[in-house]
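Worksheet: the structure to be examined is printed underneath.
The values are calculated or read from the model by the stated rules, or taken from the named source; none is laboratory data. All values reported here derive from a predicted model rather than from experimental measurement. Here the Cβ is made from the backbone with ideal geometry for all residues, glycine too, and neighbour counts use every protein chain on show. Accessible surface areas use protein heavy atoms only, side chains included; no ligands, DNA or RNA. Shrake-Rupley method; radii C 1.70, N 1.55, O 1.52, S 1.80 Å.
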Amino acid sequence: MARKAAALSFVILGLMVMLAGCGGDAVEKTGSVLTVNGRGFYESELEAMEQVTVTATHPRSGETAEYMGVSLLALLDDADFVGDTITVVAADGYETEIVVAEIPDTALVVIEKGDYSVLGYTPEPDKPASVVVGVEEDTFRLIMPDMGSSAWVKDVFEIR
């Protein structure tokens, strides 16, 4: 009887160890969503991916800045993208096609954090004040070093 109890305890312990390792790397899915090749990537998933830092100059403004984000090529690979061109779609309807072979290794998808702003304030005597706060969602932006300004898309919501 003691042997059966010990064996059962050993099996249960083994199962607990195995199950403890399952799903340990799962990321809670929160924030804005970027759709790539039909797959939705939550902001939290992008933040959990390897982050790359690139210094780049915008072709139109001439401003040089340091950007940190996810490699566009790695993201396309994660989304199992196969094709010669991608179409990048912005929230305002802007679309541009980019030849995959021309995408530089330094191209990034960057998360631009939204702002909170006070839109209105209504003080009333003997009552708590009413405050209206505007919340701007986080958005995604392509940083495309050595490419024309049409590839530097802001407010991206889909890459197909």
For this session: Work out how much length residue 74 to residue 97 would gain on full extension: take 0.36 nm times their residue separation and subtract the Cα-Cα distance, in nm to one decimal.
Result: 6.5 nm
Problem set entry | For the range 90-107, 3J(HN,Hα) per residue [Karplus equation, 6.51 cos²θ - 1.76 cosθ + 1.60, θ = phi - 60°, Hz, x = Gly/Pro] | 9, 4, 7, x, 4, 9, 9, 9, 10, 6, 4, 5, 8, 6, x, 4, 8, 5
Problem set entry | Estimated inter-spin distance, residue 113 and residue 63, nm [label 7 Å along Cα→Cβ] | 1.7
For this session: Could you state how much accessible area residue 61 has, in square angstrom rounded to the nearest 10, with a 1.4 Å probe and all protein chains kept in place?
Result: 70
For this session: Find, among the GluC sites (Glu not before Pro) in the range 35-89, those assigned to loop by DSSP (not H, G, I, E, B) with at most 13 other beta-carbon atoms within 10 angstrom.
Result: 50, 63
